[in-house]
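The values are calculated or read from the model by the stated rules, or taken from the named source; none is laboratory data. Predicted model, so just to flag it, every value in this text is computed and none were measured. Here the Cβ positions follow ideal geometry from the backbone for every residue, glycine too, while neighbour counts run over all protein chains shown. These accessible areas exclude ligands, DNA and RNA; they are computed on the full protein's heavy atoms, side chains included. Shrake-Rupley method; radii C 1.70, N 1.55, O 1.52, S 1.80 Å.
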Amino acid sequence: MKMHKSNKIRAVIGAAVASVLTAMAPVDNASAETLSMLSGYAPTFAWYREIGPRFIELVKEESKGDLDIRYNGPDTVPTFEQFQPVQSGVFDVLFTHPAYHSGTTSVGLAIDAIAVDPVKRREAGVFDYIDKHYQKRGMKLISAPSTGTKGFRFYLREPLKDDALKGRKIRGTVSYHPMIKALGGAPVNMPVSEVYTALQRGTMDGAAWGLTGASDLKFYEVAKYMADPVFGQVGVMIMMNLERWNALKPAQQKAMLEAGRKIELESLAHFDKLQAEEYKTLIGHGVQITKFSDADAKRLEALWSNGVWEVAEQVSGDDARGLHNLARKAGMTE
């Protein structure tokens with residue numbers, strides 16, 4: 001049957017439009033390049049739950065569906081052992097807190113002593129300094145999202161007295177150790193997965209922890225006091241194996257970095273809101289406020305910041321001192 005000329009023209013136009021629309025449509029996930037991620041936190045835990053999936057979503061958006069990320073948690077590789085498998089290329093991406101690989105380098109953990117301002121951190125060269133440091137170790141820094149304007153507090157089995165933490169065993173990664181010691185406590189480095197049981201059994205008297213996530217861990221069942229004031233700031237890091245990073249197309253690299261920049265900006269206000277909700281939740285579960293003495297309260301910020309720099313400089317020497325000088329000149333640390 002012969003096609004009428006006008007119908008033929010419409011068919012050609014229709015095919016051309018369909019072709020253009022197909023070209024404009026996002027690449028289907030089935031054809032996306034998939035990166036494997038190791039996370040130091042379970043998928044339900046606040047620090048990953050509120051950042052990880054959103055970061056993955058942003059990567060998909062920025063890459064127009066050309067990149068996807070597959071989650072693997074601490075049940076695949078324990079939290080404190082995850083840096084090396086990503087560094088060696090067994091996995092592509094690492095979602096972690098830099099204190100968890102402080103035995104390899106402590107430059108990353110020093111960011112918790114630097115004021116939370118994602119834009120200023122980048123403008124002052126803090127982000128680039130840390131990135132270059134990790135690239136020498138086969139890793140590329142993608143993002144350093146903060147979990148709120150303020151970071152930490154102590155969760156305790158018993159209320160504070162005038163002698164602060166004297167005689168108490170307190171869970172804390174190495175970042176907290178100088179501070180805990182200065183307050184009279186005995187620091188113990190322990191994975192978060194073991195903290196609840198240690199508090200329940202009384203082998204730990206308390207835990208230094210962030211202002212979100214305590215309710216997820218059900219600390220309110222085993223630690224009925226939380227100490228004021230809060231102190232410091234806390235941020236996680238998203239890194240990538242450097243060889244795998246270099247193998248990405250320029251457009252894919254741009255998408256990863258833009259997703260990382262955006263999640264830094266989004267996470268700050270988001271976590272400030274979550275911290276307020278967390279406080280109400282803990283109070284609702286019967287947790288009471290206990291306070292440091294006025295003298296101790298006044299020195300908490302300095303104890304935290306100086307302690308973090310002490311750990312960083314002990315492990316990473318001039319590399320950490322260089323970052324400290326850079327941040328100090330920018331007015332972002334003690």
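Membrane-span-like helices in the chain, defined purely by DSSP H runs whose alpha carbon atoms cover 27 Å or more axially and whose average Kyte-Doolittle hydropathy reaches 0.5, are 5-24. Per-residue surface analysis assigns residue 265 an accessible area of about 80 Å², computed on protein heavy atoms at 1.4 Å probe radius.
Taking amide H as placed 1.01 Å from N in the peptide plane, the amide H of residue 290 sits under 5 Å from that of 226, 227, 228, each at least 5 places away or on another chain. Mean-square fluctuations from a GNM of the chain, with a 10 angstrom spring cutoff on Cα atoms, peak among 149, 76, 105 at 76. Neighbours of residue 259 by Cβ distance under 13 Å: Lys/Arg scored +1, Asp/Glu scored -1, total -2. Among the listed pairs 169/273; 218/291; 132/249; 273/329; 132/298; 161/224, a Cα-Cα separation exceeding 24 Å is found for 169/273; 273/329; 132/298. Per-residue surface analysis assigns residue 49 an accessible area of about 90 Å², computed on protein heavy atoms at 1.4 Å probe radius. For residue 101, the solvent-accessible surface with a 1.4 Å probe is about 10 Å², rounded to the nearest 10. Estimated from helical segments only, the mean residue ellipticity of the chain at 222 nm is -14000 deg cm²/dmol, where each DSSP H run of four or more residues counts as -39500 (n - 2.57). Computed over protein heavy atoms with a 1.4 Å probe, the carbon and sulfur contribution to the accessible area of the range 217-300 reaches 54%. Around the Cα centre of the chain, unit charges on the Cβ atoms of Lys, Arg, Asp and Glu (plus for the first two, minus for the last two) sum to a dipole of about 780 debye.
For an R0 of 35 angstrom, estimate the FRET efficiency from the Cβ-Cβ distance between residue 81 and residue 122 and round to the nearest 0.05.
Between residue 81 and residue 122 the formula returns 0.70.
Protein heavy-atom accessible surface, 1.4 Å probe, per residue over the chain: 45 Å².
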